[in-house]
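> So that we are looking at the same thing, I have put the structure below in structure tokens.
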Amino acid sequence: QQQVKQSPQSLIVQKGGISIINCAYENTAFDYFPWYQQFPGKGPALLIAIRPDVSEKKEGRFTISFNKSAKQFSLHIMDSQPGDSATYFCAASNRGGSQGNLIFGKGTKLSVKP
Amino acid sequence: ETGVTQSPTHLIKTRGQQVTLRCSSQSGHNTVSWYQQALGQGPQFIFQYYREEENGRGNFPPRFSGLQFPNYSSELNVNALELDDSALYLCASSGDRGRLGTDTQYFGPGTRLTVL
């Protein structure tokens with residue numbers, strides 16, 4: 001049973017465009033929703049995270065939008081750059097993040113064309 | 001860089017062998033989690049250690065075992081290796097539960113295990 005569903009599987013965006021990746025979850029006990037960025041041969045690196053008491057969080061060009069009633073959250077990358085080309089994973093945890101196991105989506109491979 | 005280190009970087013084993021992977025957590029962190037990432041997939045939780053005790057386990061068989069040492073470094077042991085165990089094994093460290101601002105799990109670069 002996949003508890004976090006991520007889409008699309010791959011995404012091609014022109015430089016300067018907006019990249020949007022969506023995730024849906026099933027477990028209403030989840031209370032921490034991070035996004036990770038992973039480059040080939042590297043471990044995932046935290047981009048931005050949100051808790052369900054907030055509907056939006058912005059850090060630089062990265063924004064998480066969170067819809068608790070729909071059990072969905074999304075990552076928006078504004079002014080996408082070729083250096084943003086990587087695989088992005090959404091995740092969820094029900095123990096606040098540091099002590100909980102993260103349940104990951106299957107990932108979205110983003111390619112930003114110059 | 002996160003300060004989480006893993007060794008070795010790459011490893012090749014044959015079916016039936018045993019393997020030990022190592023992880024040094026970020027300074028000040030007392031929790032280590034291990035994940036398995038198959039090619040083209042998201043990481044899957046194996047287990048977590050908090051102050052040397054197992055603190056949760058995912059859907060992995062008992063031949064996957066671990067240890068955490070007093071300095072909070074950790075080992076992942078896999079016995080009777082199978083072809084499907086070929087994957088990137090990731091270690092993540094994090095801080096005390098309940099402390100504000102320490103929700104993040106910081107990942108190391110991983111160990112690429114190939115089972116032939």
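The values are calculated or read from the model by the stated rules, or taken from the named source; none is laboratory data. The structure presented is a predicted model; accordingly, all values stated were derived computationally and were not measured. In this analysis, Cβ positions are derived from the backbone assuming ideal geometry, glycine residues included, and neighbour counts consider all displayed protein chains.
> In the stretch A:1-38, what residues are closer than 25 Å to B:G58 by Cα and in a loop (DSSP other than H, G, I, E, B)?
Within the stretch A:1-38, A:Q1, A:Q2, A:Q3, A:Q9, A:E26, A:N27, A:T28, A:A29, A:F30, A:D31 qualify.
> Which of (1) within 14 Å of chain A (Cβ to nearest Cβ); (2) in contact with a Phe, Trp or Tyr (Cβ under 7 Å, 6 or more places away or on another chain) is the odd one out, the single condition B:L76 does not satisfy?
(1)
> How about the stretch A:42-70: which of its residues are of a type in the set (G, A, S), surrounded by 14 or more Cβ atoms within 10 Å (Cβ to Cβ) and either away from chain B (no Cβ under 14 Å) or in a loop (DSSP other than H, G, I, E, B) (or both)?
Answer for the stretch A:42-70, where residues must be of a type in the set (G, A, S), surrounded by 14 or more Cβ atoms within 10 Å (Cβ to Cβ) and either away from chain B (no Cβ under 14 Å) or in a loop (DSSP other than H, G, I, E, B) (or both): A:G43, A:S65.
> Could you tell me whether A:F73 is aromatic (F, W, Y), more than 19 Å from B:F45 (Cβ to Cβ) and not in a loop (DSSP other than H, G, I, E, B)?
yes
> I need the full set of residues from the stretch B:86-116 which are within 9 Å of chain A (Cβ to nearest Cβ) and modelled with pLDDT under 65, in order please.
Answer for the stretch B:86-116, where residues must be within 9 Å of chain A (Cβ to nearest Cβ) and modelled with pLDDT under 65: B:R97, B:G98, B:R99, B:T102.
> Additional query: So A:G16 ticks every box in (1) surrounded by fewer than 14 Cβ atoms within 10 Å (Cβ to Cβ); (2) in contact with a Phe, Trp or Tyr (Cβ under 9 Å, 6 or more places away or on another chain) but one. Which box is left unticked?
With respect to (1) surrounded by fewer than 14 Cβ atoms within 10 Å (Cβ to Cβ); (2) in contact with a Phe, Trp or Tyr (Cβ under 9 Å, 6 or more places away or on another chain), A:G16 is out only on (2).
> Is the stretch A:29-39 home to any residue that is touching a Phe, Trp or Tyr at 6+ places or on another chain (Cβ under 8 Å), at pLDDT 95 or above and more than 12 Å from chain B (Cβ to nearest Cβ)?
Checked the stretch A:29-39: no residue is touching a Phe, Trp or Tyr at 6+ places or on another chain (Cβ under 8 Å), at pLDDT 95 or above and more than 12 Å from chain B (Cβ to nearest Cβ).
> Additional query: Give the residues of the stretch B:5-37 that are among the hydrophobic types (A, V, I, L, M, F, W, C) and at pLDDT below 95, sorted by residue number.
Scanning the stretch B:5-37 gives a single hit, B:V32.
> From the list B:N71, B:N79, B:N59, which one is loosely packed, with under 13 Cβ neighbours inside 10 Å, in contact with a strand residue (DSSP E or B) (Cβ under 9 Å, 6 or more places away or on another chain) and more than 27 Å from A:V4 (Cβ to Cβ)?
Going through B:N71, B:N79, B:N59 in turn, the sole match is B:N71.
> Which one of the conditions (1) within 14 Å of chain B (Cβ to nearest Cβ); (2) assigned to a loop (DSSP other than H, G, I, E, B); (3) surrounded by fewer than 16 Cβ atoms within 10 Å (Cβ to Cβ) does A:K109 fail to meet, given that it meets all the rest?
(2)
> Further, regarding this structure: Just one of the numbered conditions (1) surrounded by 14 or more Cβ atoms within 10 Å (Cβ to Cβ); (2) among the basic types (K, R); (3) over 22 Å from B:T114 (Cβ atoms) is not true of B:K13; which one?
So the condition that B:K13 fails would be (3).
> Pick from B:Q41, B:Q6, B:Q37: which is facing chain A (nearest Cβ under 10 Å) and in contact with a Cys (Cβ under 7 Å, 6 or more places away or on another chain)?
B:Q6
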